[in-house]
Amino acid sequence: MDRVILTITSELFDEADRRQEVSVRANLTVRALIEEIRREFNLLDAGYRLTLAGQREPLPLDRTMEQLGLQTGAELVFARDRHRLDQRVIARGGQYFEPVSQPGRAFLREAASGQVFTIDWQPAIIGRPDAANPITAQALAVDVSTLAEGRTVSRRHAQITERGGTYYLEALNERNPTLLNGQPLTLGERRALSPGDRIRVGLVELEFGMQGLSS
């Protein structure tokens, strides 16, 4: 099957990954390519667009690479489509997030200091900001940079998501493990959380809790 090699750039990617070279099938639609990019970079399904570099109009979603005449070496720009954004999304630090069903009910408490971080949006990223890009702090639900052992935590270490009132923990960094009740999570694994569960990221220990429920 024919393939084309494209360069995709986006400000939504991490700074080190803002220019990606990808090999895609010539019969892949723009819509399918957008979905693959969204999943690869763990982006909220809030509406995105692809445009040819230097162009303003987005590529038609249901046209294939072949139908559009895209050839190896073409450069595409991936960005949010502000006309298709879900009105429920939360914008923080240049990123979009989805609110949890009961904002503020779930929380993490740091064991050493007792500091509490409420879970208001998802994915609720646990990590520390990029010193070269301070705005990234706004996108962190759990910013450990002020904690004594915060430097041992990766910038995007782990995340918490919620579906139907159940909260789940996922690891985001393969080299710097995330532990739940002493057991490491593998990358891509998702485990349900219960009040009293202990989460360890780097040398920081956090306890998961929910308002109105004792651990």
Just the residues that are at pLDDT 95 or above and in contact with a helix residue (DSSP H, G or I) (Cβ under 9 Å, 6 or more places away or on another chain), please, taken from region 1-23. L6, I8
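Would it be correct to say that I160 is touching a residue at least 24 places away in the same chain (Cβ under 8 Å), over 22 Å from R39 (Cα atoms) and in contact with a strand residue (DSSP E or B) (Cβ under 7 Å, 6 or more places away or on another chain)?
Values: touching a residue at least 24 places away in the same chain (Cβ under 8 Å): yes; over 22 Å from R39 (Cα atoms): no; in contact with a strand residue (DSSP E or B) (Cβ under 7 Å, 6 or more places away or on another chain): yes.
Considered against the rule, which asks whether it is touching a residue at least 24 places away in the same chain (Cβ under 8 Å), over 22 Å from R39 (Cα atoms) and in contact with a strand residue (DSSP E or B) (Cβ under 7 Å, 6 or more places away or on another chain), I160 comes out as no.
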Criterion: surrounded by 13 or more Cβ atoms within 10 Å (Cβ to Cβ), without any contact (Cβ under 8 Å) to a residue 40 or more places away in the chain and in contact with a Leu (Cβ under 6 Å, 6 or more places away or on another chain) - qualifying residue of L169, L108: L169
How many of the residues making up region 1-47 are surrounded by 13 or more Cβ atoms within 10 Å (Cβ to Cβ) and farther than 22 Å from Y96 by Cβ? 11
Can you find, within region 175-215, the residue that is surrounded by the fewest Cβ atoms within 10 Å (Cβ to Cβ) among those that are modelled with pLDDT under 95, closer than 13 Å to A158 by Cβ and polar (S, T, N, Q)? T186
Of all residues in region 9-58, which are more than 15 Å from the chain's Cα centre (by Cα) and touching a residue at least 60 places away in the same chain (Cβ under 8 Å)? T9
Residues being modelled with pLDDT of 95 or more and polar (S, T, N, Q) - total across region 82-114: 0
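The values are calculated or read from the model by the stated rules, or taken from the named source; none is laboratory data. Please read these numbers as outputs of a predicted model, since none were measured by experiment. Neighbour counts are summed over all protein chains in view; Cβ atoms, including those assigned to glycine, are modelled from backbone coordinates with ideal geometry.
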